[in-house]
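Engineer: Have a look at this one before I ask anything.
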Amino acid sequence: MNQPGEFIDVSVTVNGVPVVRRVPARQHLTDFLRETLGLTGSHLGCEHGVCGACTVRVNGEIVRGCLMLAVQADGATVETIEGVSESGEIAGLQREFYERNALQCGFCTPGVLLTAAELVARNPHATREEVRAHVSGNYCRCTGYQAIVDAVEAACRARRAGVAT
């Protein structure tokens with residue numbers, strides 16, 4: 001078992017860039033991304049995996065970065081909001097959020113965008129109820145979700161029409 005203060009080498013690919021760092025054995029993935037790599041798009045809200053502000057992708061799957069230790073990501077590919085935004089992968093979804101005012105303070109927006117992008121990619125025929133269910137694990141205190149659901153629905157329609165989302 002790891003002792004308090006113990007450090008472990010981690011090798012991970014973050015947004016396409018190989019990274020090797022010595023990290024505290026009990027450091028959460030979100031803390032590693034924010035504090036060590038300066039990728040501050042993922043936020044810490046509840047630190048219990050409930051709010052979704054810490055959402056990132058690990059090996060293509062959405063995860064709560066506050067519930068995963070950095071050492072658990074050893075050998076993995078991690079994508080943050082910065083990476084998917086810079087790649088243009090979510091440009092259409094970002095546009096839909098902007099056009100429908102589906103973001104306000106911005107604290108939850110990175111996690112919601114990553115979660116919504118997963119739904120749009122996997123099920124561009126999602127119903128309004130399916131959109132609500134899919135993003136329900138990402139708390140937003142500002143928008144009331146109406147605009148978020150509208151934006152994700154629009155992104156789904158665009159995806160079905162063959163427009164990049």
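The values are calculated or read from the model by the stated rules, or taken from the named source; none is laboratory data. Fair warning: this is a prediction, and the values are worked out from it, not measured in the lab. Cβ sites come from the backbone with ideal geometry, for glycine too, and all protein chains shown count toward neighbours.
Engineer: Could you tell me whether Gly137 is on the phi > 0 side of the Ramachandran plot and outside the structural domain of Pro18 (by TED's automatic domain parsing)?
Structural biologist: No; evaluated as a whole, the condition is false for this residue.
Engineer: Could you please give the count of residues in segment 78-94 that are surrounded by fewer than 17 Cβ atoms within 10 Å (Cβ to Cβ) and in a helix (DSSP H, G or I)?
Structural biologist: Residues meeting the conditions: 2.
Engineer: On the basis of being on the phi < 0 side of the Ramachandran plot, modelled with pLDDT under 95 and not assigned by TED's automatic domain parsing to the domain that holds Asn138, does His48 make the cut?
Structural biologist: yes
Engineer: What pairs come out if I take residues in segment 98-126 that are at positive phi and pair them with residues that are of a type in the set (S, T, N, Q) and part of a loop (DSSP other than H, G, I, E, B) whose C-beta lies under 7 Å away, six or more apart or interchain?
Structural biologist: Pairs found: none.
Engineer: Let me ask something else about it. Please work out if Val78 is under 30 Å from Pro24 (Cα atoms) and in the same structural domain as Gly41 (by TED's automatic domain parsing).
Structural biologist: yes
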